[in-house]
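Quick notes on the structure that follows.
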Amino acid sequence: MARLMSCSSRSARRVFSVVCELLLLVCGCWANTDCKLNSGSFCACTVQSDGSTLDLSPISKSGGTPYFQGIKGAAGWHYDYDPCAPFVEKNCKTKDVLICQGGAAVCGRDTSIQIEITGSNPDKGTITYGNGDSLKNVPRKTVVTFTCDSSQEGELKFTSEKPSGTYNFELTSKHTCLTKPAPPPPSTTKTTKPPPAPPTTSPHRTPKKNHVSLGTIMCICLLMAVIVYMAGGFGFMYVKREARGLEAIPNFELWKTVPGLIKDGAMFIVQKIKGLRRGWGGGSYESL
């Protein structure tokens, strides 16, 4: 009983280990993927794993005017936002502002930008802007969740301020769709195939087909039967009968007599052969 419980415990540990590995694999497939900002850009990035690119410059304005203006938020606040070009407003006077709250506070700067693509859905992702003005000794930040929609030029909505000092928006646009890298051009180099080798078989003979003979099939079946018999019988004797050593071999008493039976049969055949030889070598006739 103790051995059975030990075997069950080991099996349970193996199953648990396999389940954990599968969960890690699934979580890895669903994890978000970083999109690395391109050099000199605040809104264009490249996914390192597959080379896909994202470029929000079509929904941006230059000249210090934000693309999205007067986006209604909570408590009567309005927000201005530009994904690519910093702008200057009343109390957002530094040259690195990308999101401003009603001209009163900076909610995100171009000095802290992180773009992630959702692992389970590449048509979605997030842009996080940090280093905003302090609110209760904590820097403000903004999280823009974007969704690819080929029918929208660019629509921005305020969703919440949770937790305090973190401003959440939803951006829907055709410009938030990932662009897959172009496939490599087909090779123009022509490869010359060598001429086929002449046949090695005689033209007057039909080459033999390789096939498995009936004897081979019977030998394979016999071998499989022996393996199943030995493995199943050993397991039954070991677990149910608690036999150990040679006694765990199925029908051990029968197999123990096989060598003696083979010896007796061989001796019987030898004696028969010797008797026949004596009969042939006599060469005498019965006297009348």
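The values are calculated or read from the model by the stated rules, or taken from the named source; none is laboratory data. Bear in mind that the values here come from a model prediction, so they are computed numbers and not experimental data. Heads up, the Cβs are rebuilt from the backbone with ideal geometry, glycines too, and the neighbour counts pull from every protein chain shown. Each accessible area value is taken on the protein alone, full model and side chains, heavy atoms only, with ligands, DNA and RNA left out. Shrake-Rupley method; radii C 1.70, N 1.55, O 1.52, S 1.80 Å.
Looking at Ala197, Phe146, Tyr167, which one has the Cα that reaches farthest to the positive end of the dipole of segment 133-199 (charges on Cβ: Lys, Arg +1; Asp, Glu -1)?
Ala197
Which GluC sites (Glu not before Pro) from segment 229-278 combine a DSSP loop assignment with at most 11 other Cβ atoms within 10 Å?
When the GluC sites (Glu not before Pro) of segment 229-278 are filtered for loop state and at most 11 Cβ neighbours within 10 Å, Glu242 remain.
Quick check on my link table: of Lys93/Lys124; Lys93/Lys157; Lys61/Lys174; Lys95/Lys180; Lys36/Lys136; Lys72/Lys180, which ones sit more than 28 Å apart, alpha carbon to alpha carbon?
Lys93/Lys124; Lys95/Lys180; Lys36/Lys136; Lys72/Lys180, as the Cα separations exceed 28 Å there.
Loop only by DSSP, 12 or fewer other Cβ within 10 Å of the Cβ. Give me the GluC sites (Glu not before Pro) in segment 105-159 that pass, ordered by residue number.
Counting only loop positions with at most 12 other Cβ atoms within 10 Å, the GluC sites (Glu not before Pro) in segment 105-159 are Glu153.
State the percentage of accessible surface on segment 65-193 attributable to carbon and sulfur atoms; use a 1.4 Å probe and exclude ligands, DNA and RNA.
51 percent
With a 1.4 Å probe and every protein chain left in place, work out the accessible area per residue of segment 111-199 in Å², rounded to a whole number.
Here the residues of segment 111-199 average 65 Å² of exposed surface.
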